[in-house]
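**Student:** Right, I'll just put the structure down here and ask away after.
The values are calculated or read from the model by the stated rules, or taken from the named source; none is laboratory data. Since the structure is predicted, the reported quantities are computational estimates derived from the model, not experimental observations. Here the Cβ is made from the backbone with ideal geometry for all residues, glycine too, and neighbour counts use every protein chain on show. Ligands, DNA and RNA are excluded from the accessible area calculation, which covers all protein heavy atoms including side chains. Shrake-Rupley method; radii C 1.70, N 1.55, O 1.52, S 1.80 Å.
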Amino acid sequence: MSEFKVHHRDGDGFSVIELKGYLDAHTAPDLETTFQELLGDKKFNIVVNCKDLTYISSAGLGVFMAYIEDVRKNKGDIKLTNMSPKVYNVFDLLGFPILYEIYKDEAEAVNRFKQSRKV
Amino acid sequence: MYRLRRLFSIGVSVVLLIVVFMVDVVRSTVEFDGGGILYFRELAVIGALLSIYAFISSAGTEKGKAATKGIGSLLVVVTGTTVLVGLIQILPGLGFTEGEAVAVPLNSLTVFFGTFVSIGVSIASIVTLMTVRDLVLHKRKKGTRRNFIIYVSILIGCSILAIPFWADELSALATTSFVAAIVMVVVISFRQSWIVFLSRREKIYSIIYSAIVFVTFIVLSLLLTNRTFLNKSVIFFSSPVERFALLNSICGAVYFGMAFVSTLFHLPTAEVYERKQSELSSLHNLSRLVTQVFDFKDLVNTVTHMTREVCGAESAWLEMIREGKVKGMREYDVVGINNISEEQIAMITANEEFNLRKLVIESKRVLLVDEVATDRRTRHMKPHGIRFGSLLSVPLVSHDQIIGILHATKEFEYGFDQDDIDVVTTFADHVTIAIENSRLIAQSLERERYKQEMMVAQEMQRRLLPQKFPTSRSYEIAAVSEPSMEVGGDYFDFVELPNDRIGVVVGDVSGKGVSAAFYMAEVKGIFQSLSKLCESPRELLIRANHTLIDNLEKKAFISLLYAILDVRKSTIELARAGHCPMIYVSDNGQDMVRPSGLGLGLTDGEIFSNATEEKTIRLRKGDLCLFYTDGITESRNEAGEEFGYERLVQLAGQIRSQSAHEIQDRILNEIRAYCGKAAFDDDLTLVVIKWLGT
């Protein structure tokens, strides 16, 4: 089983989480830790870049559900980007595109955050 | 039987000695040359002595009698005898004829006392021989027993050679054997190994006893060799007894003289020996504890207590190291404390520059501070009133990793010597094993509990699935749910509705184990009750979502596909809450039916109801509907590729003409073949509905 890696970096007024590998019930806690750290630092504008994410299970999807409420309460958002078709299909099947903004690439999501700040 | 034997041996010796005494009374008064009677008399003496020996040896059969106690008994017997001999010597009215080779008693009183002292000396000799035997054979080596037997043989030989009937002819041999006996005495006197095992206290006693016994034997030897009352009496009584007693006295003098000197030299090391003993027994105790104490807390308390014991430390504590929340940072738990406060420990480890813990961990070696007050690693404690002389910190190393540190302090500077360090290091290794053991046991208990939980969850899941499926001439139903090793949340169910309709539901609850089984039970309850109330699948999903949303964890959700098969109308209506689409195969080919919809528990209100579509399909004879969970499409082959929707759709198209059961078996077999193994990684569920027409 390929391993899972989560890495995050900060931009100007937003943070990017990069996911790599296999996100399931066993690796989901790693992503939870990252979200906890960001929320602890009051960073609520979060872009999740799924470029290297090869698989996501229902437990992986659950992580986003766990934090979206808190993030939005603090006028922030979780925006998802760069999904492979296969990963997108999992999100789509469950109706995530209705609940989350999903973009083709990171820059688009970042722009969105910048625009909403101007407004 | 035993008492009878003792009584017999003492009786025999008394009778024989009375006979000897009577013969002697006669012998002392008249010139007597009855050779035959003297033979008999000599035999009677030997017989009496053997009986006495039998009596004494049966009395002292307690094995393993402490060496010091043995010497003490000997002291009483020998000194008592010697004092008695001395007292009798100065009694008035006793005397012997002068000028003959064998002095003859002047009167019966002399004969009586002469016999008395002779018997006394014999008894003392026998006791001496037995005591020396016990000491020499203590912790015997290969040659020890042999040497002792040689000595006793020569001793007896020498005594027998002294019997007057052949004493003159064999005098050369007698002298040689006497010298040989002395040589053997010296040889066996080097066997003093019993001293090593004495405690300090016992050693002091044995020095005093040995000294007194030594002096007494010298006196006795002098009394036996010079022409004293004792000498004359014993020779008149029996020459062999005289030899026997003299050799035993010399043996006693040499052996206990030697014992006195050896013990004296052993005295300074007595404490070391005692400590080694206690160290050994502590280590032994710990090894035993390893198999007995499973409870971590008990174990660490025992460890700190024993650390103090093995090296005589003033205080001891044990801390365990674990990975901190931030990677690379270590955290320390002081788990066992003995005779020191936590505040003090915190102070000891407060040195930023020379942190004791860091020093131990980085060097992976024992850390010793001889002078706590002046050492740069520890002098920071002095202002805080922590006063101890020296400190020892030993790492607990398991698989090349330091899992903890064992600390000990002593009141004085330079308190820990090399021996202490060695023993605490050895001890630390045992402690490591003990701790690892207790951890492993805790882990296996945890695993066992987890397994139990899994079994409960599996059993629950099994019971929640329908045992009987609806049957009809209009359709065939086949359904299967294969649980994996970890209990997932796959669910399917049927409900018979009024007007010839049946409800079919397939779902997947996020999460595993008991929580998944619990959610499944909740979903089943909701489904069974709502299906009777709701006219359409869409309505059911909206209401189910509304009920569930407040009962689910934030990160939990449920995907569901609900279809109503209407036999009278030949239709199937379905709505989807984030679940895998239905696969529909008809004359027009095969495809996925995917009305839009959100998973249950994600969001409530208009967003959910607006997102949820409903579709209706008119069925024709031979149409096939497949419901399934992602366990099917996400089955992986050895290369890690998923079985996928496309393969499933194509397969369904190919096998459409078969019966529902055949289709089900065929699909499962295809997936097994694809995965290349018999067991599935994830739960998978498949419901096949084949429309036979009305």
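**Student:** Condition first: at positive phi, open to solvent by 10 Å² or more (accessible area, probe 1.4 Å) and either more than 14 Å from chain A (Cβ to nearest Cβ) or modelled with pLDDT under 95 (or both). Can you find one or more residues in segment B:632-641 that meet it?
**Tutor:** To start, the set of residues in segment B:632-641 that are at positive phi comprises B:640.
Restricting the remaining residues to those that are open to solvent by 10 Å² or more (accessible area, probe 1.4 Å) gives B:640.
From what is left, the residues that are either more than 14 Å from chain A (Cβ to nearest Cβ) or modelled with pLDDT under 95 (or both) are B:640.
Yes, segment B:632-641 has at least one match.
**Student:** Could you please let me know if B:P581 is free of Cβ contacts under 8 Å to residues at least 12 places away in the same chain and surrounded by fewer than 24 Cβ atoms within 10 Å (Cβ to Cβ)? Before the answer, list the steps.
**Tutor:** Values: free of Cβ contacts under 8 Å to residues at least 12 places away in the same chain: no; surrounded by fewer than 24 Cβ atoms within 10 Å (Cβ to Cβ): yes.
Considered against the rule, which asks whether it is free of Cβ contacts under 8 Å to residues at least 12 places away in the same chain and surrounded by fewer than 24 Cβ atoms within 10 Å (Cβ to Cβ), B:P581 comes out as no.
**Student:** Next question, about the same structure. Among the candidates B:I204, B:I195, which residue alone is closer than 19 Å to B:R133 by Cα, in contact (Cβ under 8 Å) with a residue 24 or more places away in the chain and part of a helix (DSSP H, G or I)? Talk me through it step by step, then tell me what you get.
**Tutor:** Details: B:I204 fails: closer than 19 Å to B:R133 by Cα.
Unique residue meeting the criteria: B:I195.
**Student:** Follow-up. Across segment B:30-60, what is the number of residues that are open to solvent by 70 Å² or more (accessible area, probe 1.4 Å) and in contact (Cβ under 8 Å) with a residue 60 or more places away in the chain?
**Tutor:** At the first step, the residues of segment B:30-60 found to be open to solvent by 70 Å² or more (accessible area, probe 1.4 Å) are B:30-31, B:33, B:37, B:39-40, B:43, B:50, B:53.
Pick out the ones that are also in contact (Cβ under 8 Å) with a residue 60 or more places away in the chain and you get B:39, B:53.
Residues flagged as open to solvent by 70 Å² or more (accessible area, probe 1.4 Å) and in contact (Cβ under 8 Å) with a residue 60 or more places away in the chain within segment B:30-60 amount to 2.
**Student:** For segment B:136-154, indicate whether the set of residues that are among the small types (G, A, S) and either touching a Cys at 6+ places or on another chain (Cβ under 9 Å) or surrounded by fewer than 17 Cβ atoms within 10 Å (Cβ to Cβ) (or both) is non-empty.
**Tutor:** Going residue by residue through segment B:136-154, those that are among the small types (G, A, S) are B:143, B:153.
Among the residues that remain, those that are also either touching a Cys at 6+ places or on another chain (Cβ under 9 Å) or surrounded by fewer than 17 Cβ atoms within 10 Å (Cβ to Cβ) (or both) are: B:143, B:153.
So far as segment B:136-154 goes, yes, one or more of its residues are among the small types (G, A, S) and either touching a Cys at 6+ places or on another chain (Cβ under 9 Å) or surrounded by fewer than 17 Cβ atoms within 10 Å (Cβ to Cβ) (or both).
**Student:** Report yes if B:I348 is surrounded by 20 or more Cβ atoms within 10 Å (Cβ to Cβ), within 21 Å of B:R308 (Cα to Cα), assigned by TED's automatic domain parsing to the domain that holds B:E314 and of a type outside the set (S, T, N, Q), otherwise no.
**Tutor:** Values: surrounded by 20 or more Cβ atoms within 10 Å (Cβ to Cβ): yes; within 21 Å of B:R308 (Cα to Cα): yes; assigned by TED's automatic domain parsing to the domain that holds B:E314: yes; of a type outside the set (S, T, N, Q): yes.
Judged against the criteria, B:I348 is a match.
**Student:** Right, next: For segment B:4-17, check the following and say yes or no: at least one residue is over 48 Å from the mean Cα position of the chain (by Cα), among the polar types (S, T, N, Q) and at pLDDT 80 or above. Even if it seems obvious, please write down each step before you answer.
**Tutor:** Step one: filter segment B:4-17 for residues over 48 Å from the mean Cα position of the chain (by Cα), giving B:4, B:7-17.
When the remaining residues are screened for being among the polar types (S, T, N, Q), the result is B:9, B:13.
With the extra rule that they be at pLDDT 80 or above, the set shrinks to B:9, B:13.
Yes: segment B:4-17 contains one or more residues that are over 48 Å from the mean Cα position of the chain (by Cα), among the polar types (S, T, N, Q) and at pLDDT 80 or above.
**Student:** Would a scan of segment B:534-551 turn up a residue that is open to solvent by less than 60 Å² (accessible area, probe 1.4 Å), out of contact with any Pro (no Cβ under 9 Å at 6 or more places or on another chain) and more than 17 Å from B:G599 (Cα to Cα)?
**Tutor:** Yes; the residues of segment B:534-551 include at least one that is open to solvent by less than 60 Å² (accessible area, probe 1.4 Å), out of contact with any Pro (no Cβ under 9 Å at 6 or more places or on another chain) and more than 17 Å from B:G599 (Cα to Cα).
**Student:** Further, regarding this structure: Residue check: is B:I386 touching a strand residue (DSSP E or B) at 6+ places or on another chain (Cβ under 8 Å) and not basic (K, R)?
**Tutor:** Values: touching a strand residue (DSSP E or B) at 6+ places or on another chain (Cβ under 8 Å): no; not basic (K, R): yes.
Judged against the criteria, B:I386 is not a match.
**Student:** Can you tell me which residue within segment B:669-689, out of those that are out of contact with any Phe, Trp or Tyr (no Cβ under 9 Å at 6 or more places or on another chain) and not acidic (D, E), is farthest from the other protein chains (Cβ to nearest Cβ)? Break it down into steps so the answer makes sense when it comes.
**Tutor:** To start, the set of residues in segment B:669-689 that are out of contact with any Phe, Trp or Tyr (no Cβ under 9 Å at 6 or more places or on another chain) comprises B:669, B:673, B:676-683.
Adding the requirement that they be not acidic (D, E) leaves B:669, B:673, B:676-680.
Numbers: B:N669: 25, B:A673: 21, B:G676: 15, B:K677: 15, B:A678: 19, B:A679: 16, B:F680: 15 Å.
By that ranking, first place goes to B:N669.
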